[in-house]
Structure formats: C-alpha cells, structure tokens
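All remarks here apply to the structure that follows.
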Amino acid sequence: MVLALLIVASFAVWMIWFLKAMQLRKLQSAQDRFEREAAEVAEASALVALGIQHKGAPGGRIVVEMAKRPRSNLTAEFLMSVAKRAIVSEQQRAGVLMPTLSSIASAAPFIGLFGTVWGIMDAF
C-alpha cells in the first residue's frame, strides 16, 4: 500500500513537472514575442492593440488591464497599483499546481519512512 502510494505520488510529481515546463515555455515564448513587437511601438493606443493581439503573453494581459481603467484619474500611483495587481494575478496563474507539488514533496519522505519502519518490523 505504501509503495503504491509513493508510485502514485511520483507519477503526480512527474506530471506536474511536465505540465509546468510546458506552461512556462509557452508563457516565455509568448512574452518574448510581445516584448519584441512592443519595443517597436511608439503610441499607447498601438501598445494596447498589441496587448489585445497578444493575450497569451503576461505583458499583453497587463497592458490590457491597465487600458481598461478610466482615463479621468490616471496618476502614476494609480497605474502602478493596477500594474502590480495584474502582475500578482499573472504570478498566481503561473503558480497553479505548485501547492500540490509542495504537499507531495513534504509528505513523501514521511510516507517512505513509514514504509521502511513497517518493513523492519515485519522482518523481526
């Protein structure tokens, strides 16, 4: 039973690793494309259009979030807080499945130790 639990946990860790690697590779390539094209933009409206075009890039989603705000109260502090909220949202989106991975990583040694103790007791 313990060995089966460890095998399932190992499979889950490898699956999470594969999914996170694919997710981060996709986010990085989308962000790189967005940054290359955004470096050539001279106007704010063109940057917003580029953000809408690159919704898969974290930077594009941040630009779109900032563009949704009303034009009347645009201070530097307000835009900074909107950008920080959008960045936190992107970090949370990228951090999906990490709590599961940390739970498995912290529990697996104890489950293995339990199996070792059980085996030693069975040997006596």
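The values are calculated or read from the model by the stated rules, or taken from the named source; none is laboratory data. Just so we're clear, the structure is a prediction, and the values are computed from it rather than from any experiment. Cβ placement follows ideal geometry from the backbone for every residue including glycine, while neighbour counts extend to all protein chains displayed. With ligands, DNA and RNA removed, areas are computed over all heavy atoms of the protein, side chains included. Shrake-Rupley method; radii C 1.70, N 1.55, O 1.52, S 1.80 Å.
Heavy atoms of the protein chains alone define the surface here; on that basis the chain has 74 Å² accessible area per residue at 1.4 Å probe size.
Annotation: lysines with alpha-carbon distance below 20 angstrom to Lys84 (same-chain offsets under eight excluded): Lys55, Lys68. Across segment 87-102, rounded Karplus estimates of 3J(HN,Hα) from the backbone phi angles (6.51 cos²θ - 1.76 cosθ + 1.60, θ = phi - 60°) give 5, 4, 4, 5, 5, 5, 5, 6, x, 4, 6, 5, x, 5, 5, 5 Hz, Gly and Pro being marked x. Across Gly112, Gly95, Gly59, mean-square fluctuation computed from a Gaussian network of the chain (C-alpha pairs under 10 Å connected) peaks at Gly112. Among the listed values (1) 44, 36, 32; (2) 77, 27, 16; (3) 42, 35, 27, the one matching Cα extents along the principal axes in Å as calculated from this structure is (2). Once the C-beta distance of Trp17 and Ser45 is scaled by a Förster radius of 30 Å, the resulting FRET efficiency is 0.15 to the nearest 0.05. In the context of the full protein assembly, Ile111 retains an accessible surface of approximately 50 Å², using a probe radius of 1.4 Å and ignoring ligands and nucleic acids. Rounded to the nearest 10 degrees, the inclination of helix 2-38 to the longest alpha-carbon principal axis of the chain is 10 degrees.
The GluC sites (Glu not before Pro) of segment 25-124 that meet both conditions, a loop assignment by DSSP and at most 12 other Cβ atoms within 10 Å of the site Cβ, are Glu40, Glu43.
The apolar share of the surface of the chain, taken as the fraction of accessible area on carbon and sulfur atoms (1.4 Å probe, ligands and nucleic acids excluded), comes to 69 percent. Highest mobility in the GNM of the chain, judged by mean-square fluctuation with C-alpha springs under 10 Å and restricted to Ala108, Ala94, Ala57, is found for Ala108.
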